[in-house]
Amino acid sequence: MMMELCPVEGVRRAGDGIYVLSFVSAAMSRSIRAGQFLNLRVEEGCEPLLRRPFSAYRIEKTSIEILFHVVGRGTAALRKKRQGDVLDVLGPLGKPFRTADPGYDTGLLIGGGLGVAPLPLLASALREQGKAVVTFLGARSASQLVTDHLENVHTATDDGSIGFRGNVVGLASDFLGKHPITRPKIFACGPMPMLRAVASFARASDIPCEVSLEGPMGCGIGICQGCPVELAGPEKSYALMCKDGPAFDIRTITI
Ligand SMILES: Cc1cc2nc3c(=O)[nH]c(=O)nc-3n(C[C@H](O)[C@H](O)[C@H](O)COP(=O)(O)OP(=O)(O)OC[C@H]3O[C@@H](n4cnc5c(N)ncnc54)[C@H](O)[C@@H]3O)c2cc1C
Ligand code: FES
């Protein structure tokens, strides 16, 4: 983990209220692994006080990109960054997805909303390891689907404006019913209700599954204890989303 003042390269629009911010860090670009996140100080000064966590979206040489949805004060400030601004970045944080697991041949990538953000890096890590990739993306409408830098993409929208009408778990289950895949493993990221539906689908279908959680975080580095995740098992015990996750094998947590 390192903290660095990184030059911003720019911000571009990627969808309705959705933007890509890129900044330069040679050191972080070499060390980030798919599924890890960066904690950004979105404004100079004290307000907002807490850093904001974002998944690493893409890496191109020494450029690092994050994909973000403007939902509040911090993300509104990020959208206004310009080339030449300096961004205070702490990272890479968290544990990466466990892609080297020999127990599967095809990664089924499931992203809901901005849960798509870690998937391009994950897809390239899987390709490097000789795994096949099938991607399922869900969003409210076509204008919020970000399908760039992904492969074998199947889409679902709540309003049916493009692709399957319904949620992304329904889409994946419908697809796998028609096109069975041998030795799959699910990697999912998105809002909690979607991740619960993915986990119950994976359990019912006996497919190994990791989910990347995106709950609220305070420090992002295991100090404030503000991001507990209940572990599976007879004793009540907790892991920390920021330090032990954000990606967890669904067999290890209560979800
Ligand atoms: C590990 C991790 C990775 C993330 N990666 C991404 C990413 O790649 N792209 C992206 O757009 N967002 C991502 N998020 C969520 C992102 O951190 C929040 O959207 C951001 O902090 C909001 O800051 P804000 O100041 O704009 O909003 P705030 O003013 O803090 O909040 C605005 C609204 O958003 C809600 N909100 C805030 N944080 C979250 C959250 N974590 N989950 C759900 N709702 C939230 C608040 O409850 C509130 O309703 C990630 C979160 C985590 C924990
Ligand atoms: S956010 Fe502080 S311990 Fe996880």
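Given the structure, is Thr62 of a type in the set (Val, Ile, Thr) and within 22 Å of Val11 (Cα to Cα)? Criteria met by Thr62.
Looking at the range 77-84, can you tell me whether even one residue there is at pLDDT 95 or above and in contact with a helix residue (DSSP H, G or I) (Cβ under 8 Å, 6 or more places away or on another chain)? No, the range 77-84 has no match at all. For the range 223-251, a residue qualifies if it is among the hydrophobic types (A, V, I, L, M, F, W, C), part of a loop (DSSP other than H, G, I, E, B) and either within 12 Å of ligand 1 (Cβ to nearest atom) or within 13 Å of Leu213 (Cβ to Cβ) (or both), and the qualifying residues are Cys227, Ile250.
Just one of the listed residues (Leu90, Leu67) is under 16 Å from the mean Cα position of the chain (by Cα) and surrounded by 16 or more Cβ atoms within 10 Å (Cβ to Cβ), namely Leu67. For the range 140-154, enumerate the residues that are over 17 Å from the mean Cα position of the chain (by Cα) and more than 15 Å from Leu114 (Cβ to Cβ). Passing the criteria: Ala142, Asn152, His154.
Would you call Leu49 surrounded by fewer than 24 Cβ atoms within 10 Å (Cβ to Cβ), within 16 Å of ligand 2 (Cβ to nearest atom), modelled with pLDDT under 95 and of a type outside the set (D, E, K, R)? So Leu49 fits the description; yes. Tell me which residues, restricted to the range 11-41, are away from ligand 2 (no atom under 16 Å from the Cβ) and under 20 Å from Gly72 (Cα atoms). Correct list: Val11, Arg12, Arg13, Ala14, Gly15, Asp16, Gly17, Ile18, Tyr19, Val20, Leu21, Ser22. Filtered by the rule that a residue be out of contact with any Phe, Trp or Tyr (no Cβ under 7 Å at 6 or more places or on another chain), free of Cβ contacts under 8 Å to residues at least 40 places away in the same chain and basic (Lys, Arg), the range 11-61 gives Arg30, Arg52, Lys61. Scan the range 117-138 and tell me whether some residue there is basic (Lys, Arg) and more than 19 Å from Phe68 (Cβ to Cβ). Yes, the range 117-138 has at least one match. The number of residues in the range 53-75 being near ligand 1 (Cβ under 6 Å from one of its atoms) and not in a strand (DSSP E or B) comes to 5. Between Glu210, Glu151, the distinction of being within 18 Å of Val134 (Cα to Cα), within 16 Å of ligand 1 (Cβ to nearest atom) and in contact with a strand residue (DSSP E or B) (Cβ under 6 Å, 6 or more places away or on another chain) belongs to Glu210 only. Could you list, in sequence order, the residues of the range 36-94 that are among the basic types (Lys, Arg) and more than 22 Å from Cys227 (Cα to Cα)? Answer for the range 36-94, where residues must be among the basic types (Lys, Arg) and more than 22 Å from Cys227 (Cα to Cα): Arg58, Lys61, Arg79, Lys80, Lys81, Arg82. Every condition in (1) surrounded by 21 or more Cβ atoms within 10 Å (Cβ to Cβ); (2) in contact with a Leu (Cβ under 9 Å, 6 or more places away or on another chain) is met by Arg33 except one, and the failing one is (1).
The values are calculated or read from the model by the stated rules, or taken from the named source; none is laboratory data. Bear in mind the structure is a predicted one, so any value in this text is a computation, not a measurement. Cβ sites come from the backbone with ideal geometry, for glycine too, and all protein chains shown count toward neighbours.
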